[in-house]
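Enquirer: Structure provided below as structure tokens; questions to follow.
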Amino acid sequence: MELCNRAPTTTTFISCSILAFIMKLYRSGKVKDVYEANDRSLEFVYTDRISVFDKMIPNDIPFKGETLCRTSVFWFQILRDMGVKSHFQEFIPPNRVRVRKVDVIPDYSKLNNETTNYLIPLEFIMRHYVAGSMHRKLQKGKVRPEDLGFPAGKEVPYGAELPDPYFEMTTKLEEIDRPVTEKEALEISGLTKDELENIRNTIERIDRRISKEVERRDLIHVDGKKEFGFDSRRRLILVDSFGTADEDRFWDSDMYAKGEFVELSKESVRKYYKDSGYYEKLMTARERGEDMEIPPLPDNVVKETSHLYITVFERITGETFREQ
């Protein structure tokens, strides 16, 4: 099991072995391994694993874990300045963070508006530009221009800035994420309407700060997803990571002004699989109730992707990444 993302020196081997020995594996996700640090805290280990379309790609991306971890810490510190609560407690270089533990309860029937200290089983997506799946839905007529705040019948091009942020939700704890309506989101999450509205307002506030930060380094924040939970007093807290190349989409603002959309996110990996024809075959297989293994990335794409993660980290945070 991968625990560190550095070259396997004696020091890192020993530290990783100690970590595995003294802490119990709580959960292994697509990109993070989660350990129980104590009764009230978890440790997230950001690995170099990568996934798209709910599939684990059989390649590691060098330095991906460290860049995501350090980007997450950057945003958690900004949340503290904003007075927004999160589960973040401590950064443990190079690729670990200690966080407050909340319960993961996959049985929706056990959640109600009095449940405390739990992960809300939803992902919340806020879109600011027409991109990705939103553009595909427009093309297929599943979303109308007026649903996005444009005049009815208007032809909305890829990359258009939305008149207002567009809010979506998907499931979080099911095998494959699926979109949910507001009605279903309330039914499965234990949220009240007021709590859901608070989440939306909180995300809008955070996204305004993200845009302000990255604009300084010529980036556009296109969209992103976030996760939340409640603490022991049912106060809202942001959990997991956000504002990274995995959770969010960024464009180069200079290229955008020229009409080009340079993807500075994991979207570039998705594009590789779409261009190769894999994505279309996967969707066809899923429509038949079947599955399809994902092939590995070529070596040159692995190298390019590693460089992309480092570049995005530097442009988001303004810090310099030094490979060790």
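Enquirer: Per the Cauchy relation, a quarter of the hull surface: what is the mean projected area of the convex hull of the alpha carbons in segment 244-324, in nm²?
Expert: Value for segment 244-324: 7.2 nm².
Enquirer: Quick check on packing: order 247-255, 166-174 by the mean number of other C-beta atoms within 10 Å, highest mean leading.
Expert: In descending order of packing, they fall as 247-255, 166-174.
Enquirer: So for the chain, averaging the separation of alpha carbon pairs under 8 Å that are six or more residues apart and normalising by length, what relative contact order in percent results?
Expert: Once divided by the residue count of the chain, the mean separation gives 19 percent.
Enquirer: Tell me, Thr305, Thr244, Thr116 in order of fewest to most beta-carbon neighbours within 10 Å?
Expert: Thr116, Thr305, Thr244
Enquirer: Then there is this: Convert each backbone phi in segment 81-94 into a coupling constant with the Karplus relation 6.51 cos²θ - 1.76 cosθ + 1.60 (shift: θ = phi - 60°), then list the ³J(HN,Hα) values in order as whole Hz, x for Gly and Pro.
Expert: Those phi angles translate into 5, 7, x, 9, 6, 9, 8, 5, 10, 7, 8, 10, x, x Hz.
Enquirer: Sticking with this one: Using the Cβ atoms and a cut-off under 15 Å, what net charge is assigned to the surroundings of Ser232, where Lys and Arg are +1 and Asp and Glu are -1?
Expert: That sum, taken over residues with Cβ under 15 Å, equals +3.
Enquirer: Further, regarding this structure: With θ taken as phi - 60° and the coefficients 6.51, -1.76 and 1.60, list the Karplus ³J(HN,Hα) couplings across segment 146-153 in order, rounded to whole Hz; mark glycine and proline as x.
Expert: For segment 146-153, the Karplus curve yields 5, 5, 9, x, 8, x, 4, x Hz.
Enquirer: Only one of the values [x] 35, 27, 17; [y] 36, 20, 18; [z] 29, 26, 21 was calculated from this structure for semi-axes √(5λ) of the Cα gyration tensor in Å; name its label.
Expert: Matching entry in [x] 35, 27, 17; [y] 36, 20, 18; [z] 29, 26, 21: [z].
Enquirer: Quick check: the distance between the Cα centres of segment 256-324 and segment 26-92, to the nearest angstrom?
Expert: Each part's Cα centre sits 19 Å from the other's.
Enquirer: Quick check on the chain: helices-only [θ] at 222 nm, where DSSP H runs of length 4 and up contribute -39,500 (n - 2.57) each and the sum goes over total residues. Nearest 500, please.
Expert: For the chain, the value works out to -11000 deg cm²/dmol.
Enquirer: Output ³J(HN,Hα) for segment 303-313: one whole-Hz value per residue in order, computed from phi by the Karplus curve 6.51 cos²θ - 1.76 cosθ + 1.60 with θ = phi - 60°, and x for Gly and Pro.
Expert: 5, 5, 5, 4, 4, 4, 4, 5, 4, 5, 4
Enquirer: Then there's this: Using +1 on the beta carbon of Lys and Arg, -1 on that of Asp and Glu, and nothing else charged, what's the dipole of segment 10-317 about the Cα centre, debye to 20?
Expert: Computed charge dipole of segment 10-317: roughly 380 debye.
Enquirer: Within straight cross-link reach of Lys212, meaning Cα distance under 24 Å, which lysines are found once same-chain residues fewer than 8 apart are removed?
Expert: Filter leaves Lys85, Lys225, Lys226, Lys258, Lys266.
Coordinate-derived values only; no laboratory data. Owing to the predicted nature of the structure, the values given are computational and were not obtained by experimental measurement. Glycine gets a Cβ as well: all are built from the backbone with ideal geometry, and neighbour counts include every protein chain shown.
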